[in-house]
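Asks: Mind looking over this structure? Questions follow.
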Amino acid sequence: MEKLCLQESIIEKVNGEASSTAGDNIENENQEAKPKDEMMKLSGPRWKRKGFVDIAHANPMSRIVLQLQTSLKQSKSNATLSGCIVFVKVEPEAGELLEQASFGKIFTSQDDKQHFQFNLEESFYLYHALKCIKIVRDDETPLEELELWKIFTSERKGFPELYKAYSHLRSKNWVVRSGTNYGVDFIAYRHHPALVHAEYAVLVIPEKDSNAKIDRLSSSPGLCCPLRLSGSVAKTLLVLYIMGGCNSNKSSMSCLEEFTVEERVIRRWIPEQSQEGNAYLN
């Protein structure tokens, strides 16, 4: 198995650009100098340095995830569930692949082992979709799939829909991280966050049933707040509607097969960008 050296490629690229002008270096510095209206016009991936797109193309996320899946299966890794967090201890090679695939976060290294922690969506994706880890209790007792599903759905409100949205994006090779800091459910990167800025701020909206309360986008504040916030940090608001859940038994994993995902991209209308508006302004 060919071993990827994503971090080494990044370091080599950064060092190679150290002697270039400051204006060609960090995109964050350039972004700070841009007017707010110009930031709103940004679309598509925003790579953090010149040449990072080439590193991403040379190391496709699909191949990194496949190597991670193989490595974790071979090591027969057991992860431990503790509340809403899952911990796993892995060899350095698997740890490097976890970091390259941007799963979880490392919190300590000792005895030639690396310790990672995952949120519920990440851990269930590794367990259920990739089938490359087993999850156990603190006493090392294995958790069966249905038992684990019931624990996760009780620990986190809306877990079935959130997991469906997470797995939907991950299956398309997007890197998905928590969106708490941006007031959304997830943020989605085209590749590793060290290479590229997040492209989408993601809201997950379950289909309402007759007894459901008002949803997050049924009022103007519910829509405007995430839209303005995502726009201010140069991200596009992506709404994932999880359909088909009204009559589903969410205590059973069969609901995942009944769910469908509808994608909606929402952008702010900027008058200065409209043809008629420009005509009047001129």
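The values are calculated or read from the model by the stated rules, or taken from the named source; none is laboratory data. Small disclaimer: the values here were computed from a predicted structure and weren't measured. Every residue, glycine as well, gets a Cβ built from its backbone with ideal geometry; the counts of neighbours run over all protein chains shown. These accessible areas exclude ligands, DNA and RNA; they are computed on the full protein's heavy atoms, side chains included. Shrake-Rupley method; radii C 1.70, N 1.55, O 1.52, S 1.80 Å.
Asks: Which condition does Pro92 not pass, out of (1) touching a residue at least 12 places away in the same chain (Cβ under 8 Å); (2) in contact with a Phe, Trp or Tyr (Cβ under 9 Å, 6 or more places away or on another chain), if it passes all the others?
Replies: Tallying (1) touching a residue at least 12 places away in the same chain (Cβ under 8 Å); (2) in contact with a Phe, Trp or Tyr (Cβ under 9 Å, 6 or more places away or on another chain), Pro92 fails exactly one: (2).
Asks: Right, here's the next one. Output the number of the condition that Ser154 fails; it satisfies all remaining conditions of (1) at pLDDT below 95; (2) in a helix (DSSP H, G or I); (3) over 23 Å from Asn249 (Cβ atoms).
Replies: Going through the list (1) at pLDDT below 95; (2) in a helix (DSSP H, G or I); (3) over 23 Å from Asn249 (Cβ atoms), Ser154 breaks only (3).
Asks: Within the stretch 51-69, track down each residue that is open to solvent by less than 50 Å² (accessible area, probe 1.4 Å) and either among the aliphatic types (A, V, I, L, M) or closer than 15 Å to Val90 by Cβ (or both).
Replies: Of everything in the stretch 51-69, those that are open to solvent by less than 50 Å² (accessible area, probe 1.4 Å) and either among the aliphatic types (A, V, I, L, M) or closer than 15 Å to Val90 by Cβ (or both) turn out to be Val53, Ile55, Ala56, Met61, Ile64, Val65, Gln67, Leu68, Gln69.
Asks: Can you list residue pairs whose Cβ atoms sit under 6 Å apart, with the first residue in the stretch 46-61 being over 20 Å from Leu169 (Cα atoms) and the second being assigned to a loop (DSSP other than H, G, I, E, B) and modelled with pLDDT of 95 or more? Count only pairs 6 or more apart in sequence or on different chains.
Replies: Phe52/Leu195
Asks: List the number of the failed condition for Phe124; all other conditions in (1) open to solvent by 40 Å² or more (accessible area, probe 1.4 Å); (2) aromatic (Phe, Trp, Tyr); (3) not in a strand (DSSP E or B) hold.
Replies: All conditions pass for Phe124, except number (1).
Asks: Further question on the same structure: For the stretch 48-81, what are the residues that are touching a Lys or Arg at 6+ places or on another chain (Cβ under 9 Å) and hydroxyl-bearing (Ser, Thr, Tyr)?
Replies: Ser77, Thr80
Asks: Same structure again: In the stretch 98-121, what residues are on the phi < 0 side of the Ramachandran plot and in contact (Cβ under 8 Å) with a residue 40 or more places away in the chain?
Replies: Scanning the stretch 98-121 gives Glu99, Gln100, Ala101, Asn119, Leu120, Glu121.
Asks: Read through the list (1) of a type in the set (Gly, Ala, Ser); (2) within 9 Å of the chain's Cα centre (by Cα); (3) within 16 Å of Val265 (Cα to Cα), then give the number of the only condition that Ala201 fails.
Replies: (2)
Asks: Also: Looking at the stretch 171-185, which of the residues that are out of contact with any helix residue (DSSP H, G or I) (no Cβ under 6 Å at 6 or more places or on another chain) and within 12 Å of Ser102 (Cβ to Cβ) is least open to solvent (accessible area, probe 1.4 Å)?
Replies: Here the residue is Val175.
Asks: Go through the stretch 129-145 residue by residue and tally those that are open to solvent by 100 Å² or more (accessible area, probe 1.4 Å) and not in a loop (DSSP other than H, G, I, E, B).
Replies: So the count comes out to 1.
Asks: Something else: Among the residues in the stretch 204-218, are any at pLDDT 90 or above, under 30 Å from Asp54 (Cα atoms) and aliphatic (A, V, I, L, M)?
Replies: Checking the stretch 204-218: not a single residue is at pLDDT 90 or above, under 30 Å from Asp54 (Cα atoms) and aliphatic (A, V, I, L, M).
Asks: For the list (1) in a strand (DSSP E or B); (2) at pLDDT 90 or above; (3) surrounded by fewer than 13 Cβ atoms within 10 Å (Cβ to Cβ), I need the number of the one condition that Val265 fails.
Replies: The one condition Val265 does not meet is (2).
Asks: Among the residues of the stretch 148-166, is there at least one that is open to solvent by less than 10 Å² (accessible area, probe 1.4 Å), out of contact with any His (no Cβ under 6 Å at 6 or more places or on another chain), closer than 25 Å to Lys235 by Cα and small (Gly, Ala, Ser)?
Replies: The answer is yes; a qualifying residue exists.
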